[in-house]
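In what follows, a structure is listed as structure tokens, so that the remarks can point back to it.
The values are calculated or read from the model by the stated rules, or taken from the named source; none is laboratory data. None of the values given here were measured: they were computed from a predicted structure. FYI the Cβ positions are ideal-geometry reconstructions off the backbone, even for glycines, and counts take in every protein chain you see. Side chains included, ligands, DNA and RNA excluded: accessible areas come from the protein's heavy atoms. Shrake-Rupley method; radii C 1.70, N 1.55, O 1.52, S 1.80 Å.
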Amino acid sequence: MNSKQTEKTNDEAPIIIIENMHKWYGDFHVLKDINLTVKKGERIVICGPSGSGKSTLIRCINRLEEHQRGKIIVDGIELTNDLKNIEKIRTEVGMVFQHFNLFPHLTILENLTLGPIWVRKTPKREAEETAMYYLEKVRIAEQAQKFPGQLSGGQQQRVAIARSLCMKPNAMLFDEPTSALDPEMVKEVLDVMISLARDGMTMIVVSHEMGFAKSVAHRVLFMDGGEILEQNNPEDFFNNPQHERTQLFLSQILD
Amino acid sequence: MEKSLPKHTAENLRPPLTNIGIIGWMKANLFNGWFNSALTLLVTYMLWLLVPPLISWAFINSSWLPSGDQCQAGGGACWSVVTANIRFIIFGFYPHELQWRPLVAMIILIALLFYSQNRSHWRKSLFYAWTLGLFVMGVLLRGGVLGFRGVESNLWGGLPLTLLLSVFGLTAAYPVGVLLALGRQSKLPIIKSFSVVYIELIRGVPLISLLFMSSVVFPLFLPEGLVINKILRAQIAIILFTAAYIAEVVRGGLQGVGKGQYEAADSLGLNYFQTMRLIILPQALKIVIPPSVSILISAFKDTSLVVIIALYDLLKTTQTTLSDPKWMGYSAEAYIFVALIYFVCCFAMSNYSRRLERELDTSL
């Protein structure tokens, strides 16, 4: 397991390094000794039963959750209590949420330009051009002047992806991006994510969409009980799972 | 599938006649069930008993001339009490020959409020218009410059005073309340406990006691010779009082904004102030429009409590009029008139709030 990881990180510098990271909620040990290195352009899918800590793990990467022990280094910056560092890292790492979390009082276009204008200090004109470019990319440009409440779930999630992209992040985190969607809308969101993958975006995706994992992931991680139990390339992961709990989990969701 | 549906019949069918039009409406709203039918008949009977005498009292048999001579004879309403004393009721002790000045000031104020209603006018120019308007209103009321004769503020009274206290009281209280609400949610213990103590302390005492403190107790602590204008002190008491209530309402709104909104703002790298200003407050304040307007309306009416520190607001000037032996018996008419003024203001506020809610609704 470890040899595979080092072999993979050879060619390029890692963008996210997590070393011996622990997290507790009160007395409850949610994440136990997490070690994970993600190199630029790598795409990782994390799966596991609910409560296994997979969402918490990626929320630690942009400090929506605080870790208590160990190290997280993103883009060369170590996550500490320093607010400036945290804000810097958050601009470099995009996040897509299960429930989209668009800003309901702003139009789609304003949702997309808010970050660039206020955080990156991009001129409004330029921010709008970038926004329209990404709205085209997620095939939703004609909805730019509408409000989030007027869009379907799938459309909203595509807007949320575009909103993250407008910040020109170096990596994207996806927290169960399709699990709040009606079945017929899952594909349109996955398609956008697949095209994002083709463009070489570094992605960490918490998802149970095994088809997506098979087609775009470099690595699939299986988490249970707050630990990374197994990681492998998708082919070996699905065809030849090593760990007993992985086998059980896969048999439950793939049947 | 489509063939089997008898499409034309479904389209051409109309609802039964008794379900539409006036008959349908009456059936649905006035006579659905025996209990509601009985109620409808009872209410109609009461209205028939009450409305005609009221109309004849208020309009047909009433007297309107300022002299008020026919009031005893007519038997109806004596509106003369209002028409004869209108200038005192509206302007109080403001010098008679200068009363055009507060009148113009009120017109400017109402025009500015009216212009500000439209959200598309909320630009920088509006801010300048208000600044200029406030300056002009100040000059008009106070005088002493530009050749206007000076009028001491203890002569101000009536409607201009009520509007002054409420418009500035409410506009100043709102931002203070928002700051207190944010303070109460703050992670910094000093700010948080200050806000909590302030809010609970102020909400725990009646407005009257605050007004007393501001007019009687507060001056005791001031150095000899320093006098702060009484109206200003009442104004500050009203602001501090209303702000505490606004703060609790706004806090409710802040809790109504989902955690996901904070997380989304965080994940874009927005800082605290940007998050609050751009994401959280716009949503929170929209949620709390109805309760805040309730507070504003009741604060507006509470400005009449300044009588207890001997300020002559609209209600007090009316009472003073009624203490004149000539008009003593006509309090109903005078109070109806004042009630109408209060009602128009409050109704305008609640109407505007409903319009604002509609305009800000982005769900459909």
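The residues listed here are B:I287, B:I341; of these, the one that is open to solvent by 60 Å² or more (accessible area, probe 1.4 Å) and β-branched (V, I, T) is B:I287. Within region A:195-215, residues that are in a helix (DSSP H, G or I) have Cβ atoms under 7 Å from residues that are of a type in the set (K, R) in these pairs: A:A197/A:R43, counting only partners at least 6 apart in sequence or on another chain.
Annotation: A:Q143 fulfils all but one of (1) within 17 Å of B:E263 (Cα to Cα); (2) more than 17 Å from the chain's Cα centre (by Cα); the unmet one is (1). Applying the criterion of being among the aromatic types (F, W, Y) and under 14 Å from B:P102 (Cβ atoms) to the residues of region B:139-184, the residue that is surrounded by the fewest Cβ atoms within 10 Å (Cβ to Cβ) is B:F148.
Selection of region A:193-240 for residues being closer than 15 Å to A:D175 by Cβ and either within 14 Å of the chain's Cα centre (by Cα) or of a type in the set (V, I, T) (or both) yields A:M193, A:M203, A:I204, A:V205, A:V206, A:S207, A:H208, A:E209, A:F212, A:L221.
Here is a check on your reading of the model: is A:G115 farther than 19 Å from A:I46 by Cα, more than 14 Å from chain B (Cβ to nearest Cβ), touching a Leu at 6+ places or on another chain (Cβ under 7 Å) and not acidic (D, E)? Spelling it out, it is not the case that A:G115 is farther than 19 Å from A:I46 by Cα, more than 14 Å from chain B (Cβ to nearest Cβ), touching a Leu at 6+ places or on another chain (Cβ under 7 Å) and not acidic (D, E).
Given the options A:M201, A:M132, A:M167, name the one that is in contact with a strand residue (DSSP E or B) (Cβ under 7 Å, 6 or more places away or on another chain), of a type outside the set (K, R) and either open to solvent by less than 10 Å² (accessible area, probe 1.4 Å) or farther than 28 Å from A:K54 by Cα (or both). Full working, then the answer.
On the way: A:M201 fails: either open to solvent by less than 10 Å² (accessible area, probe 1.4 Å) or farther than 28 Å from A:K54 by Cα (or both); A:M132 fails: in contact with a strand residue (DSSP E or B) (Cβ under 7 Å, 6 or more places away or on another chain).
Testing whether each residue is in contact with a strand residue (DSSP E or B) (Cβ under 7 Å, 6 or more places away or on another chain), of a type outside the set (K, R) and either open to solvent by less than 10 Å² (accessible area, probe 1.4 Å) or farther than 28 Å from A:K54 by Cα (or both) leaves just A:M167.
Scoring A:I108 on the criteria (1) crowded, with 20+ Cβ neighbours inside 10 Å; (2) facing chain B (nearest Cβ under 8 Å) leaves a single failure, condition (2). Among the residues of region B:319-334, is any in contact with a Gly (Cβ under 6 Å, 6 or more places away or on another chain) and modelled with pLDDT of 85 or more? Scanning region B:319-334, I find no residue that is in contact with a Gly (Cβ under 6 Å, 6 or more places away or on another chain) and modelled with pLDDT of 85 or more, so the answer is no.
Within region B:52-75, none of the residues are touching a residue at least 60 places away in the same chain (Cβ under 8 Å) and among the charged types (D, E, K, R). Somewhere in region A:179-187, is a residue in contact with a Phe, Trp or Tyr (Cβ under 9 Å, 6 or more places away or on another chain), closer than 22 Å to A:P14 by Cβ and either of a type outside the set (D, E) or open to solvent by 30 Å² or more (accessible area, probe 1.4 Å) (or both)? Scanning region A:179-187 turns up no residue that is in contact with a Phe, Trp or Tyr (Cβ under 9 Å, 6 or more places away or on another chain), closer than 22 Å to A:P14 by Cβ and either of a type outside the set (D, E) or open to solvent by 30 Å² or more (accessible area, probe 1.4 Å) (or both). Might you check whether a residue that is away from chain A (no Cβ under 14 Å), surrounded by fewer than 17 Cβ atoms within 10 Å (Cβ to Cβ), part of a helix (DSSP H, G or I) and more than 22 Å from the chain's Cα centre (by Cα) occurs anywhere in region B:300-319? No: region B:300-319 contains no residue that is away from chain A (no Cβ under 14 Å), surrounded by fewer than 17 Cβ atoms within 10 Å (Cβ to Cβ), part of a helix (DSSP H, G or I) and more than 22 Å from the chain's Cα centre (by Cα).
Identify all residues within region B:185-195 that are open to solvent by 40 Å² or more (accessible area, probe 1.4 Å) and either touching a Lys or Arg at 6+ places or on another chain (Cβ under 9 Å) or part of a helix (DSSP H, G or I) (or both); write none if there are none. Passing the criteria: B:Q185, B:P189, B:I190, B:I191, B:K192, B:S193, B:F194.
Of all residues in region B:274-284 being of a type outside the set (S, T, N, Q) and crowded, with 18+ Cβ neighbours inside 10 Å, which is nearest to B:W79 (Cα to Cα)?
Residues of region B:274-284 of a type outside the set (S, T, N, Q): B:276-282, B:284.
Within this subset, residues satisfying the condition of being crowded, with 18+ Cβ neighbours inside 10 Å are B:276, B:278-281, B:284.
On the way: B:M276: 53, B:L278: 52, B:I279: 53, B:I280: 51, B:L281: 48, B:A284: 46 Å.
Applying the filter and picking the extreme gives B:A284.
Every condition in (1) modelled with pLDDT under 90; (2) under 30 Å from A:R125 (Cα atoms) is met by A:P183 except one, and the failing one is (2).
Restricting attention to region A:67-105, the residues that are without any contact (Cβ under 8 Å) to a residue 60 or more places away in the chain, among the acidic types (D, E) and away from chain B (no Cβ under 12 Å) total 2. B:M106 meets the conditions (1) open to solvent by 30 Å² or more (accessible area, probe 1.4 Å); (2) assigned to a helix (DSSP H, G or I); (3) touching a residue at least 40 places away in the same chain (Cβ under 8 Å); (4) not hydroxyl-bearing (S, T, Y) in every case but one. The failed one is (1). Selection of region B:72-103 for residues being open to solvent by 40 Å² or more (accessible area, probe 1.4 Å), within 26 Å of the chain's Cα centre (by Cα) and under 16 Å from B:L155 (Cα atoms) yields B:R87, B:F88, B:F93, B:W100, B:L103.
Being open to solvent by less than 70 Å² (accessible area, probe 1.4 Å), in a helix (DSSP H, G or I), under 30 Å from A:V186 (Cβ atoms) and at the interface with another protein chain (Cβ under 9 Å from one of its Cβ atoms) is not true of A:L64. Annotation: of all residues in region A:73-96 being part of a helix (DSSP H, G or I) and acidic (D, E), the one that is surrounded by the fewest Cβ atoms within 10 Å (Cβ to Cβ) is A:E87.
Within region A:141-159, at least one residue is more than 13 Å from every other protein chain (Cβ to nearest Cβ) and open to solvent by less than 10 Å² (accessible area, probe 1.4 Å). Those helices (runs of 4 or more DSSP H) of region B:217-292 in which 1 or more residues are within 10 Å of chain A (Cβ to nearest Cβ) occupy B:259-267, B:281-287.
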